[in-house]
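The values are calculated or read from the model by the stated rules, or taken from the named source; none is laboratory data. Computed from a predicted structure; not experimentally measured. In this analysis, Cβ positions are derived from the backbone assuming ideal geometry, glycine residues included, and neighbour counts consider all displayed protein chains.
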Amino acid sequence: MKGRLIHKDDIIRLVDLLRKDRRVIAPFEGKGRDSYFDEVTDANRGAVALHLPNPYYPPKRYVLPHIQKLFHISDGGRPSVLEIRDEPQVAVFGIRSCDLEGIFHLDRFYLGNTFKDNYYEALRSRLFLVNMVCTDTERDIEDDCFCVCADAGPAARNHFDLQLMDLHDASGEFIAVAGSPAGEALFSQTFFHKAGPEHVARRQNVLEEVRKRFKIATSWYSAATKFITQGGIKDSTWKHIGDRCLECGGCSYVCPACSCFTVTDRKTGPGTWERVRMWDACALSGFTRMAGGHNPRKAVHDRRNRRFFRKLGHMFIQKEFAMACVGCGRCVRVCHGDVGMPTVVEILRRETSTTEATERP
Ligand code: SF4
Ligand code: SF4
């Protein structure tokens, strides 16, 4: 591990350095529990927050925007297609380990196959990620967080350019770890200084203490994966879960690992249109409705179970190397029906017996 130290008062110098040649997005505190990611400017740079509840919206929109223009179409004689390719360099400063793992899932989905998504790749190739490890047990970690169960945190093992972690001692030092050559190049700056074995040991101690903070400490994910993969979940169980879903789509919109989108054309002026893609959610009835109006998954529970097949099914885990849930806890916080991921995993375990699951052909 290549580690350096940076004092908390110097972290803004790191942010300013990154701002010299790219847009820097960082977390800020809002009112009450609220927090949000926004671009750092001269006016707000002093308010960049190091410890705060993770924003409801993950920073995935900087690599997969809510609404993304794909191309323009004009009607001047022959339709002409103009590709949009002018993306700035972006650094996301303070991305949490769970959200970092979420971006890895998007990478697997959009870039991990023979077909590569050029629009995603254009944004992703310009993204620099500074991971902030959640170490403040009061501010950073909430009761619904379960990254430890999802093996996504509290300290990310990879996928970052630079990782910062508060050592929570009187020195005010953060330990920095480089995850890419671009991250390591920053260590030539004078505000980074050498770390010793005592700092690495302190890092381990902090992580061990932090792990005790997680309330959802054990998980039944392996059972849920087994039952889902074997097709052993009873219809009545999915119906029970579906009955609690209000089809708001919130769980998908806040999920850092959800990757679904829809594509539509919209008029922009006389004889001109643009094609856009937008986030979509499997809970919404339009998600599976076909052009002729037929919907093969009309019942809520028939759509609701898709989310959990997709996130926990073994065939998807094989493709993406991990379940598509990173334990951020956001779906727990937004769901009106209390059918966020940990609740569903618990319902599946409780209502499915091993015998029923394994008796299936
Ligand atoms: S947040 Fe809850 S109620 Fe809304 S779509 Fe998701 S499961 Fe359904
Ligand atoms: S399924 Fe829920 S807990 Fe898991 S990554 Fe998505 S929003 Fe977070």
* To do: Please verify whether the stretch 58-71 includes one or more residues that are modelled with pLDDT of 95 or more, aromatic (Phe, Trp, Tyr), buried (at least 18 other Cβ atoms within 10 Å of the Cβ) and in a helix (DSSP H, G or I).
  => yes
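Out of the stretch 26-45, which residues are in a loop (DSSP other than H, G, I, E, B) and hydroxyl-bearing (Ser, Thr, Tyr)? I'd like the intermediate steps shown before the answer.
First, the residues of the stretch 26-45 that are in a loop (DSSP other than H, G, I, E, B): 30-34, 40-44.
Matches in the stretch 26-45: 41 only.
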* Asked: Among 75, 38, which is the only one that is at negative phi and modelled with pLDDT of 95 or more?
  -> 38
* Specify the residue that is modelled with the highest pLDDT; the eligible residues are those in the stretch 330-361 that are under 28 Å from the mean Cα position of the chain (by Cα) and among the acidic types (Asp, Glu). => 338
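From 191, 187, which residue is touching an Asp or Glu at 6+ places or on another chain (Cβ under 9 Å) and in the same structural domain as residue 80 (by TED's automatic domain parsing)?
Numbers: 187 fails: touching an Asp or Glu at 6+ places or on another chain (Cβ under 9 Å).
Exactly one of 191, 187 is touching an Asp or Glu at 6+ places or on another chain (Cβ under 9 Å) and in the same structural domain as residue 80 (by TED's automatic domain parsing), namely 191.
Quick grid of which residues meet (1) charged (D, E, K, R); (2) in the same structural domain as residue 314 (by TED's automatic domain parsing); (3) under 24 Å from the mean Cα position of the chain (by Cα):
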{"site": "173", "(1), (2), (3)": "yes, no, no"}
{"site": "179", "(1), (2), (3)": "no, no, yes"}
{"site": "199", "(1), (2), (3)": "no, no, no"}
{"site": "205", "(1), (2), (3)": "no, no, no"}
{"site": "216", "(1), (2), (3)": "no, no, yes"}
{"site": "227", "(1), (2), (3)": "no, yes, no"}
{"site": "236", "(1), (2), (3)": "no, yes, no"}
{"site": "276", "(1), (2), (3)": "no, no, yes"}
* Residues of the stretch 144-173 satisfying the condition of being under 24 Å from residue 196 (Cα atoms) and among the aliphatic types (A, V, I, L, M) -> 155, 156, 162, 164, 165, 167, 170
* Asked: When residues of the stretch 29-50 are filtered for being surrounded by fewer than 18 Cβ atoms within 10 Å (Cβ to Cβ) and touching a residue at least 24 places away in the same chain (Cβ under 8 Å), how many remain?
  -> 3
* **Evaluation of residue 346 against (1) outside the structural domain of residue 232 (by TED's automatic domain parsing); (2) more than 9 Å from ligand 1 (Cβ to nearest atom); (3) surrounded by fewer than 18 Cβ atoms within 10 Å (Cβ to Cβ) (one fails), failing number** => (1)
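So, in the stretch 228-284, exactly how many residues are more than 18 Å from residue 323 (Cβ to Cβ), more than 9 Å from ligand 1 (Cβ to nearest atom) and part of a helix (DSSP H, G or I)?
Filtering the stretch 228-284 down to residues more than 18 Å from residue 323 (Cβ to Cβ) leaves 234-240, 242-250, 253, 261-281, 283-284.
Checking the rest, the ones that are also more than 9 Å from ligand 1 (Cβ to nearest atom) come to 234-240, 243, 261-280.
Restricting the remaining residues to those that are part of a helix (DSSP H, G or I) gives 235-240, 243.
Number satisfying all stated conditions: 7.
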* To do: State which residue is surrounded by the fewest Cβ atoms within 10 Å (Cβ to Cβ) when the search covers only the stretch 315-343 and only residues that are in a helix (DSSP H, G or I) and more than 9 Å from ligand 2 (Cβ to nearest atom).
  => 318
* Asked: Which of the residues belonging to the stretch 208-227 are in contact (Cβ under 8 Å) with a residue 60 or more places away in the chain, more than 16 Å from ligand 2 (Cβ to nearest atom) and assigned to a helix (DSSP H, G or I)?
  -> 209, 210, 211, 223, 226, 227
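Regarding the stretch 312-324, can at least one residue be identified that is over 18 Å from residue 106 (Cα atoms) and without any contact (Cβ under 8 Å) to a residue 12 or more places away in the chain?
no
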* Filtering the stretch 12-25 down to residues that are assigned to a helix (DSSP H, G or I) and touching a strand residue (DSSP E or B) at 6+ places or on another chain (Cβ under 7 Å), which residue is farthest from residue 176 (Cα to Cα)? -> 18
